[in-house]
Every structure is written in structure tokens, then in C-alpha cells.
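> This is the structure I want to talk about, given as C-alpha cells.
The values are calculated or read from the model by the stated rules, or taken from the named source; none is laboratory data. None of these values were measured; they are calculated from a predicted model. Here the Cβ positions follow ideal geometry from the backbone for every residue, glycine too, while neighbour counts run over all protein chains shown. Only protein heavy atoms, including side chains, enter the accessible area calculation; ligands, DNA and RNA are left aside. Shrake-Rupley method; radii C 1.70, N 1.55, O 1.52, S 1.80 Å.
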Amino acid sequence: MYRKIKYSVFFVLIPAFIYSQKINTDSLLVITNDAFAKEANYVKAIKLGQLGIKEAPNYLDFMFIYGCALIIKQMLLIVLDFIILML
């Protein structure tokens, strides 16, 4: 009897543990938005945006932040190249 209880607890807790490891897309969106808007860390926002698109492809907010971060990063690189050429 003890063995049956032991195995039943094992099979109940393992799926719960695996489920708890999944990414919460709302929390990921908040972290991505903070990286983009508050920290101005566009590389981090791009990576988190890619992860968000992979986890929730129908969530348009990730696509929007990802696209904006890519555009701003490219613009900053162009401005930096221009400044280097002018020196």
C-alpha cells in the first residue's frame, strides 16, 4: 500500500513540476516592454521578443516590440557609422 501511495504522489507531482516550468507570456511581455522602454536595452528586447514570438505566435505585442527594437537598433548603428565617418 505504501508503494502505491508513493508512486501515485510521484505521478501527480511530476506533471505539476513540468507545467510550472512553462513561460508565462504576460510576465515575459512585461519584462520585454521594460527592456525596450525603460532600460533602452534593445538587444535584450530583441532576444525576449523572439522568445515571445516563439512561445505565443499570435500575440501581436511581441511582434510590435521586436520590430521597433530592430528598427531602433539599426538606426543607432547607422548614426554611429556616420559619426565615425565624420571623425
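> Let me check something: with ligands and nucleic acids excluded, how do L76, L48, L60 order by accessible area (1.4 Å probe), largest to smallest?
L60, L76, L48
> Give the calculated FRET efficiency between F82 and L60 to the nearest 0.05, with a Förster radius of 41 Å applied to their Cβ-Cβ distance.
Computed FRET efficiency for F82 and L60 comes out at 0.80.
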